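Data block below; observations after.
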Amino acid sequence: MIFDPARIEQELSEIMVRNSPTEARASLLNLVVFSTADSKPQADAMLDAVLGKRAARVIHITGSDTPESDVTVSARCYLDHSNRSVCLQEVVISNGRDGIGAAVSSWAPLLIRDIPVYVVWLDTISGERDLLPKTVDLADTLVFDSEWTLRIEQDPRRLFARLADLSHNNVALCDIAWHRVLPLCAVTADCFDNPQLQQQVESIAAVELDGAPPQFAALYLGWFASRLHLLAAEDSAPDSSAPLIQWNLSAAENRRVRLSHSAARPIEDGMQVNIRFSGAADLQIRALSGGCAEVEDDTESSTCVLPQPSDGEILLKEIDGMRHDHIYAETVRRIDTFM
């Protein structure tokens, strides 16, 4: 199949005239989505969250087992508070076995110039058919879900090596899995606003996470390691075979800190963090179903909100505030040094 950008643009213009009863808002962004048969429902849910809220040109490339690639165009419009149409212009490319549909030369001419390009990548991050590097070259922001990728690729060392490599690129990274971890990171950090716990930071001996998926655990424990500046211990080989992670790391003055994950399960089934100190009582954080967390140490207990944003909410937030997340970059680079 030969893609004809001029014809596609003409069809989109005609569809917009039919579907937009009032003046349409200009597109604010390009949204390029790569998905497989398994990840397409997740991709569709993310696009539904944008529908009626942001005007965008969407190019959705999906995997197909058909001999040839194919393309269809459509538009979905909703009226905003000022009675102007907010439209998603959609170009859906079915990438067949010929591989033409996913080729950059096929879809790049359809990008609207001079507005941001967000790439939602719900495909493998490495492998024989590695289209990511050329796609990243055109992106301002790369949105992906490393938890989904780990389930498919099943090699955490290779995954984190690739994420660390991407973190050195100029493109902004938005990892959906990381945004699921951030609420627990925030609760943990808030605990150490307590002056007594601040004094005990250098006596942390272990951080144990019970529950949560493996990638969630790796990112949370890696965040903890990056904040404490933990390094790989020279005489200790890591054990990172899912569903159990165990890292024996080195802190200042060669003090050892053990980070571990056990009992992998979905986030909604709850999880518990035990932070163990040398010569002091443990700090426990219990994340319960329903979006709250209980925090308990030797002096008091408290309850706080632990929100879990949807994938669509995460995408919208990223669209509205495109930025480089330096803490995420530090986390994946740190994990790559001892994974």
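Derivation of every value follows stated rules applied to the coordinates shown; laboratory data play no part. Source: prediction; values computed, not measured. Methodologically, a virtual Cβ is constructed for each residue, glycine included, from the backbone with ideal geometry; neighbour enumeration extends over all protein chains shown.
Observations on the model:
- Whole-angstrom Cα spans of the chain along principal axes, big to small: 72, 46, 32
- For the range 262-268, backbone phi angles converted through the Karplus equation (6.51, -1.76, 1.60; θ = phi - 60°) give residue-by-residue couplings of 9, 6, 4, 7, x, 4, 5 Hz, Gly and Pro being listed as x.
- Fraction of beta bridges assigned by DSSP in the chain that are antiparallel (%, nearest 5): 55 percent
- Helix 214-227 and the long axis of the chain differ in direction by around 60°, with both axes built from C-alpha atoms.
- On Cα atoms only, tilt of 5-19 relative to the major axis of the chain in degrees: 90 degrees
- Among Asn274, Asn30, Asn194, the residue with the largest mean-square fluctuation in a Gaussian network model of the chain, with springs joining Cα atoms closer than 10 Å, is Asn194.
- Per the Kirkwood formula applied to alpha carbons, the range 179-338 shows a radius of gyration over Rh ratio, Rg over Rh, of 0.96.
- Rounded to 10°, Cα long-axis angle of helix 176-191 versus longest principal axis of the chain: 30 degrees
- Scanning the chain for cysteines with no neighbouring cysteine C-beta under 4.7 angstrom from their C-beta gives Cys174, Cys185, Cys191, Cys292, Cys304.
- Take every Cα pair under 8 Å whose residues are at least 6 apart in sequence, average their separation, divide by the length of the chain, and the relative contact order is 15 percent.
- When only alpha carbons of the range 5-139 are considered, Rg and Dmax amount to 14.9, 49 Å.
- For the listed peptides 83-90, 102-109, a ranking on the average number of other beta carbons within 10 Å per residue, highest first, reads 83-90, 102-109.
- Taking label points 7 Å from Cα along the Cα-to-Cβ direction, Ser289 and Arg157 give a separation of 3.7 nm.
- The range 28-119: antiparallel DSSP beta bridges as a percent of all, rounded to 5: 35 percent
- Least to most buried among Tyr78, Tyr220 (fewest other Cβ within 10 Å first): Tyr78, Tyr220
- Mean separation of Cα contacts under 8 Å (6+ apart) over length of the range 179-338, as relative contact order %: 25 percent
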